Amino acid sequence: MLFFIRSFPRFILGSVRVVLRGGKAYWLWIALLLTLMGVGGAAYLRQFHLGLIVTNMRDPVSWAFYIGNFTFLVGVAAAAVVLVIPAYVYNWKPIKEIVVIGELLAVSAIIMCLCFVMVDIGRPDRALHMVPPFGKLNVPVSMLSWDVVVLQTYLFLNFTIATHVVYRMYCKRSYSKRFALPLILFSIPAAVGIHTVTAFLYAGLPARPFWNTAILAPRFLASAFCSGPAIILILLQVLKRYAGLNIHKEALWKIAELMAYAMFINLFLFGAEVFREFYSGTSHLVHHQYLFFGLHGHAPIAAYAWLSLICSVLAFFLFLIPKTRKNVVLLNAGAIMIYIGVYVEKGVALVIPGFTPTSLGGIYEYAPSLTELAVSSAIFSFGFLLFTLMVKVAISIMNGRLTIDTPGGMGLISMGHSSEQLADAEGTP
Amino acid sequence: MNRPQLLTRRKMLGSLAKLLALGAAASTVSACGGTMAGLTLDDLLQKHYLDMDDEQLAALVARLEAAILERWGKPVTMATTPAKPGVRLAMTLNLSACIGCGQCAQGCFEENNQARDPEIKWITMLRSHHMKIWNLHDTETYTLPPTGEDDGNYYLPVACQQCDDPPCVRACPVKATWKEPDGITVVDYSWCIGCRYCMAACPYDARKFNWAPPDIPANELNPKQHYLGNRPRPYGVVEKCTFCVQRTREGHDTACVTVCPVGARRCADMNDPTTEVYAIVRGVKTIQLREDVGTEPRFYYYFSDGTT
């Protein structure tokens, strides 16, 4: 135990050294992310100064792009279980080798979620009001309070598990079953929990019939188990090509197969909802009409809604048929289509029609402002930056390039040394 | 062996110092951002309204009054008058009388120091030939007053219904909005974090958000204020009708009741048998909006023709 504690600073310094070294492509990527963060950061400062007036949200559509992104990313975070269950519960080797990537994606996604909440609230300076004992958290009544609690729990779980597993690997040991297994097992219901609570946040509002449906939470889960793995699929291939991550094809195919099942459930539930709405034709139908056909000549999101539906259906068939999901091009095409399908579904087709028309019949045509786009891209860049840095360390360790035996663990000295010395240190296994 | 380690430590300390300096710089920048938005340390540390004793409340009110004097150059009085025990406020509105002129919305706007741009109005005017009270999105929202001739429409002014089971209070993650003992739902504008979940939860579109800092001209600022009512709101918080808490708790009628040219509105204690509201709530057939969502409104609409 003492050994693990004593070596930890060395692990941190070694990790810092890994992320400070990289090729031209790596630094270009980092520079791009930092630039986007700078632009978005400036846009956010302006928003903080002038108020949310610089967004295109207004009273009739009081939540929009920020909260849509938040909802989408909760799904991405929850989707880590698609890897965690086969890896730890079924001990399936091809996925066990890469499960850490999924957990790190979950960590990055949750941090992005929390950022999206922070930029959406009108008074970020009062964020402490959500943190007892400084604040008053309205539990158990407010679903938003529950969301804050479950998101932080899930972040803590995944960060702890991923750090533990990677660090043990660094120490050339396997993870501690006694410490990690309970956390891993708990992370499975927690993943379901974050997306369920986020769905309940919407579904618990009788004022908004578009959201006030029992089918929302199951649909959230089903669509999350498509979109999260879609990102993981593409990331894994990128990492395989540029970072030398070892991935078995079987792992990719298995993920694609699981996505096909999830997409089937998502489409089935969607069909059930559409049947109920259009066949019964109550006054609540108006929101679905707005989404797919527009109202009184206003149809700003109908094209997106159809695009999302078509992408989802096509991808479902690509992933259902074994021959097409084993074809690299079609597999990636399917993953991109699912990403588009679910991103539009959560980012546009969930929030906006819930508010349109408003309870009193108001119709406000919303499209994100430049500020909203800049701030959102900065948050995505920040998430990607975190993910890049964490994955770089994780892969160095998984490939055995960074271990407890790597010399020059005290990275801060090496920073002052010449590049030859550094290269020497790198070269020794 | 020892020497390099010492060196390292020194370098590490140096890096640590640099990190600290960076942190300090970052907090300075954010502090500048704070002053830009008109924030003070007092604002950041202010407690929840219900957690303050009389002394703290008095100090707070004095500070807020001074801040308004500095910003608008106008002396104001800010009350914190509590609810009278046993009082249960309710409003009645006679749809047979309402001519849809929208003066209630305008009177409310002037009384309650609502933001000018984008304009906030707590009362929304609706009209419809065939009123569907469960289905208000089929009605038409309008801002210009009608001509005064009978154009075959009902007129329906809608504001906060002061629900007995308010979904907005349930929604708030930080308890910044609550129901007072006299039945009105209020917001502590200094506690609200501006998440706008209450706006999504409200079935009457009664809650409005301050998208920009307030821009009320000094000569139009109503100086008779209540902490929970019409004091100028900071930017980034939610607000709503309070049945003119600054008036009703001092024994006056609300602004909308006062300005209504046809006397369609009443607002009073529904527990007090001497009030008209008591008589209407008990003796007249009344209508509540959106009863399907289980909010139990304390806002009663009725038709005077054929019922009395």
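Overview of results
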item: Per-residue Cβ neighbour rank within 10 angstrom, fewest leading, A:Thr356, A:Thr406, A:Thr153; result: A:Thr153, A:Thr406, A:Thr356
item: Two-decimal Rg/Rh across the stretch A:114-263, once Rg and the Kirkwood Rh are taken from alpha-carbon atoms; result: 1.03
item: Residues with amide H under 5 Å from that of A:Ala367, placed H, sequence gap 5 or more; result: none
item: Relative counts (whole %) of C-alpha pair distances in the stretch B:226-308, using bins that are 5 Å wide; result: 3, 12, 17, 21, 20, 15, 7, 3, 1, 0
item: The stretch A:149-188 versus the stretch A:33-96: alpha-carbon centroid distance in Å; result: 22
item: Equivalent ellipsoid dimensions for the stretch B:130-223 as semi-axes, Å, which come from the Cα gyration tensor, largest first; result: 28, 21, 13
item: Sites A:Leu314 and B:Leu69 - FRET efficiency at Förster radius 60 Å, r taken between beta-carbons, to 0.05; result: 0.40
item: Charge dipole (debye, nearest 20) of the protein assembly as shown; +1 at Cβ of Lys and Arg, -1 at Cβ of Asp and Glu; result: 3720
item: Crossing angle, helix B:54-72 versus chain B [Cα axis fit, 0-90 degrees, rounded to tens]; result: 90
item: Sorted by Cβ density within 10 Å, fewest first, the residues B:Tyr154, A:Tyr90, A:Tyr26; result: A:Tyr90, A:Tyr26, B:Tyr154
item: Taking the C-alpha atoms of the stretch A:20-74, convex hull volume expressed per residue in Å³; result: 113
item: Residue (of A:Gly297, A:Leu20, A:Tyr343) at the positive-pole extreme of the stretch A:20-413, dipole from beta-carbon charges; result: A:Leu20
item: Within chain B, longest stretch free of exposed GluC sites (Glu not before Pro) [DSSP loop, at most 16 other beta carbons within 10 Å]; result: B:1-148
item: Karplus-derived HN-Hα couplings along the stretch A:253-261 (A = 6.51, B = -1.76, C = 1.60, θ = phi - 60°), whole Hz, x at Gly and Pro; result: 5, 5, 4, 4, 5, 4, 5, 4, 5
item: Estimated D of the stretch A:229-293 in µm² per second, where Rh is the Kirkwood radius over Cα pairs and Stokes-Einstein applies at 25 °C, 0.890 mPa s; result: 167
item: Cross-link table A:Lys254/A:Lys392; B:Lys240/B:Lys285; A:Lys323/A:Lys346; A:Lys93/A:Lys249, entries beyond 21 Å C-alpha to C-alpha; result: A:Lys254/A:Lys392; B:Lys240/B:Lys285; A:Lys323/A:Lys346
item: Contact order relative to length of chain B, as percent, for alpha carbon pairs under 8 angstrom and 6 or more apart; result: 25
item: Efficiency of FRET between A:Trp29 and B:Gln106 - r from beta-carbon atoms, R0 56 angstrom, step 0.05; result: 0.50
item: For q = 0.30 Å⁻¹, Debye-computed log10 I/I(0) when each Cα of the stretch A:358-410 counts as one equal scatterer; result: -1.06
item: Kirkwood hydrodynamic radius (C-alpha pairs) into Stokes-Einstein, chain B, 25 °C and 0.890 mPa s, D in µm²/s; result: 113
item: The stretch A:222-229 - phi-based ³J(HN,Hα) in whole Hz, Karplus 6.51/-1.76/1.60, Gly and Pro as x; result: 4, 6, 5, 6, 9, 6, x, x
item: Computed over chain A: relative contact order in percent, which uses C-alpha pairs under 8 Å that are six or more apart; result: 29
item: Average Cα contact separation per residue, the stretch A:176-303, under 8 Å, 6 or more apart, as relative contact order %; result: 19
item: Whole-number D in µm² s⁻¹ for the protein assembly as shown, Kirkwood Cα-pair radius fed into Stokes-Einstein, 37 °C, 0.692 mPa s; result: 115
item: Neighbour-count order for B:Asp305, B:Asp188, B:Asp138, fewest beta carbons within 10 angstrom listed first; result: B:Asp305, B:Asp138, B:Asp188
item: Cα-based radius of gyration of the stretch A:20-413 once divided by 2.2 N^0.38 Å, which approximates compact folds; result: 1.01
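Laboratory data are not the source of any read-out in this text; all were calculated from the coordinates shown. The shown structure was predicted, so the numbers you read here are calculated from the model rather than taken from an experiment. Because the Cβ atoms are built from the backbone with ideal geometry, glycine has one as well, and the counts that use them run over all protein chains shown.
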